[in-house]
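Structure first, commentary second.
The values are calculated or read from the model by the stated rules, or taken from the named source; none is laboratory data. Note that the structure is predicted; figures quoted are calculated from it, not measured. Every residue, glycine as well, gets a Cβ built from its backbone with ideal geometry; the counts of neighbours run over all protein chains shown.
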């Protein structure tokens with residue numbers, strides 16, 4: 001069964017460092033998302049991506065964040081200068097269609113710890 | 001804006017007990033509703049969904065009914081097993097007034113089932 005894969009599963013980084021979180025969406029999917037979940041809080045939307053550009057982003061997704069799809073298979077989230085409050089579980093998701101009744105498929109998440 | 005509210009966890013039950021995890025939502029229009037499950041070390045997996053009022057989603061003994069009058073989508077299972085221990089997320093997806101069909105999630109409810 002096709003699945004979304006994320007690497008690494010756990011990343012520890014020092015405050016101020018850049019991190020890149022990687023995702024490989026399901027191959028025939030067209031819409032991609034990043035979410036994050038700070039421990040004990042709700043799953044928050046960060047950004048959606050379609051046709052090689054951002055289609056929507058939340059207030060959380062400020063200038064420190066960027067996404068790209070460099071090679072047609074990987075979908076990356078970059079945090080330029082990490083802060084302690086960026087520590088969270090980051091989930092990548094993809095979906096084939098933008099339809100109300102179509103579910104998104106999620107990766108297993110990357111736990112980012114900023115120290 | 002859209003929001004999903006879930007009961008706080010953890011929910012701790014003995015094997016074969018009856019499970020209810022409450023979920024209510026706020027959204028304009030006619031969203032589709034989803035339950036996702038996250039087993040330890042894995043990503044979010046779709047458990048069940050309902051796409052219109054009064055629909056019942058079901059899978060693996062879990063059920064949830066889309067109640068538009070109470071804006072609820074409570075998850076139930078008649079007899080839980082230890083293997084059901086996981087975090088359960090309620091989510092919605094609706095046609096956008098502008099932008100993409102971004103799924104909106106609750107904070108998740110942890111279920112712990114003891115033998």
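Taking the conditions (1) in contact with a strand residue (DSSP E or B) (Cβ under 8 Å, 6 or more places away or on another chain); (2) farther than 20 Å from residue B:7 by Cβ in turn, residue B:41 satisfies each one other than (1). Restricting the range A:40-65 to residues that are assigned to a loop (DSSP other than H, G, I, E, B) and either surrounded by 13 or more Cβ atoms within 10 Å (Cβ to Cβ) or touching a strand residue (DSSP E or B) at 6+ places or on another chain (Cβ under 7 Å) (or both), the residue that is farthest from the other protein chains (Cβ to nearest Cβ) is A:64.
For the range A:71-115, filtering for residues that are within 14 Å of chain B (Cβ to nearest Cβ) and either crowded, with 22+ Cβ neighbours inside 10 Å or more than 10 Å from the chain's Cα centre (by Cα) (or both) leaves 23.
Okay, residues lined up against (1) surrounded by 14 or more Cβ atoms within 10 Å (Cβ to Cβ); (2) in contact with a helix residue (DSSP H, G or I) (Cβ under 8 Å, 6 or more places away or on another chain); (3) more than 17 Å from residue A:105 (Cα to Cα):
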position: B:18; (1), (2), (3): no, no, yes
position: B:39; (1), (2), (3): yes, no, no
position: B:57; (1), (2), (3): yes, no, yes
position: B:60; (1), (2), (3): no, no, yes
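Considering the range A:8-19, the residues that are closer than 17 Å to residue A:66 by Cα and either at pLDDT below 90 or loosely packed, with under 15 Cβ neighbours inside 10 Å (or both) include one that is farthest from the other protein chains (Cβ to nearest Cβ), namely A:16.
Confirm whether residue B:47 is at pLDDT 95 or above and part of a strand (DSSP E or B).
Details: at pLDDT 95 or above: yes; part of a strand (DSSP E or B): yes.
Yes.
Conditions tested, residue by residue: (1) within 22 Å of residue A:31 (Cα to Cα); (2) more than 11 Å from chain A (Cβ to nearest Cβ).
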{"site": "B:32", "(1), (2)": "yes, no"}
{"site": "B:35", "(1), (2)": "yes, no"}
{"site": "B:59", "(1), (2)": "no, yes"}
{"site": "B:65", "(1), (2)": "no, yes"}
{"site": "B:93", "(1), (2)": "yes, no"}
{"site": "B:102", "(1), (2)": "yes, no"}
{"site": "B:108", "(1), (2)": "no, no"}
